[in-house]
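Chemist: First the structure, then my questions, so here it is.
The values are calculated or read from the model by the stated rules, or taken from the named source; none is laboratory data. Treat the numbers as computed from the prediction; the structure is a model and nothing was measured. Here Cβ is always computed from backbone atoms with ideal geometry, including for glycine, and neighbour counts include all displayed protein chains.
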């Protein structure tokens, strides 16, 4: 084979270190951002803190209940930096590659890291990220396949099929910690049992027990269970011991040793009927270029010292610009969320509207990946408490009154259970019928899933508890 040299002209997207830093700043939490800024100050001679001033780019938004949402004082930096915010998105794989060291220690970060190791198609990676984002801190998948499919639907594009989502879900369920991404307690335990050696005593009996008799074990109907399994009482004790060795909440092992205090990134309050959104001025300290070193640069042109100072100056200016852009984007996203969830702020969970990131991305004219990053690990202080920004995003179900968010449905279920006859608690089927009378059509299995997410026992257990 003859070797030769050939010239080719082509275009490619290159991520500079500065752009990587700007993207990383978007997804950092308040405490992580403080540490990042401190590290930058220690490494860069040109950076210094402004101790007694607050950033002039921190602004607030006021929304009138009956008027179109208007944003105040969004600086020109957002427009100037639109290019990197859009070009930063090359599918969800970019999100996986930009996982921070702290994120990797979290359950979500650990799962994304494992997803990134697999040779999956871009569409499967998108589905995988959606599944991981729906996994709660206990490691349980809190949404159905249908809800994931709806959340991934885009205008002009076909949503992934249920079998595609199920296929990717099976892959995620093979990740560590074992039992993660299960939809029910039974599925969680079965995943862990399947990982055990076939030589483990009473393994098959334990699988059958977990699959078919878990609720009976919860009611301590042991005699019925071991007779149904066809094992002796002594052997059944071995089955119970094996079940007790499993972890019903595999996600709890992540982050339990590290206590993080939540610092709100955004404050929301109502004043004279208007919802006001403000950034927390203390989250991001103001930075400026050190004048002494900047003046020194004038006399060091062409020297090694001058080269170093010039590089530090460029990095300092880009960091300051990136922080301003981060704040503008966060304020815009938070304001758009508040505009759409004013009902929740005023009346609670039952008034929560269905909301997906694509809606916010369209509202603030940015890419969905930018919204995903800027709402990650951010918290909003409201009159109803402190919530993660991603709490306000929820899937929708159809009802006679239009679309209803899954959060609102869970709130109705909680209210129905609280008001039920304690001697005759409502079964999942009765709860489904009660929701139907409210104009909300929800299947019994969906009701059971929402009830488990709310940590509400089954009707038989509630009756036993109240008797």
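Chemist: Residue 287: modelled with pLDDT under 85 and either under 30 Å from residue 406 (Cβ atoms) or surrounded by 20 or more Cβ atoms within 10 Å (Cβ to Cβ) (or both), yes or no? Talk me through it step by step, then tell me what you get.
Modeler: Working: modelled with pLDDT under 85: no; either under 30 Å from residue 406 (Cβ atoms) or surrounded by 20 or more Cβ atoms within 10 Å (Cβ to Cβ) (or both): yes.
Answer is no for this residue.
Chemist: Could you give every pair whose Cβ atoms fall below 8 Å, whose first residue belongs to segment 123-137 and is touching a residue at least 40 places away in the same chain (Cβ under 8 Å), and whose second residue is part of a strand (DSSP E or B), counting only separations of at least 6 or pairs across chains?
Modeler: Matching pairs, first to second residue: 131/141; 135/141.
Chemist: Restricting to segment 327-363, name every residue that is surrounded by 22 or more Cβ atoms within 10 Å (Cβ to Cβ) and out of contact with any strand residue (DSSP E or B) (no Cβ under 8 Å at 6 or more places or on another chain).
Modeler: 328, 329, 332, 333, 336, 344, 360
Chemist: Go through segment 210-236 and give me each residue that's part of a helix (DSSP H, G or I) and exposed (fewer than 14 other Cβ atoms within 10 Å of the Cβ). Even if it seems obvious, please write down each step before you answer.
Modeler: Looking only at segment 210-236, we keep the residues that are part of a helix (DSSP H, G or I), and these are 210-212, 214-218, 222-229, 233-236.
Result: 211, 212, 223, 224, 227, 233, 234.
Chemist: So if I check each of 311, 301, which one is without any contact (Cβ under 8 Å) to a residue 24 or more places away in the chain, out of contact with any helix residue (DSSP H, G or I) (no Cβ under 7 Å at 6 or more places or on another chain), in a loop (DSSP other than H, G, I, E, B) and surrounded by fewer than 15 Cβ atoms within 10 Å (Cβ to Cβ)? Show your work before the answer.
Modeler: On the way: 311 fails: in a loop (DSSP other than H, G, I, E, B).
When all the criteria are applied, what remains is 301.
Chemist: Hey, could you check segment 367-386 for residues that are crowded, with 21+ Cβ neighbours inside 10 Å and assigned to a loop (DSSP other than H, G, I, E, B) and say which is modelled with the lowest pLDDT?
Modeler: That would be 377.
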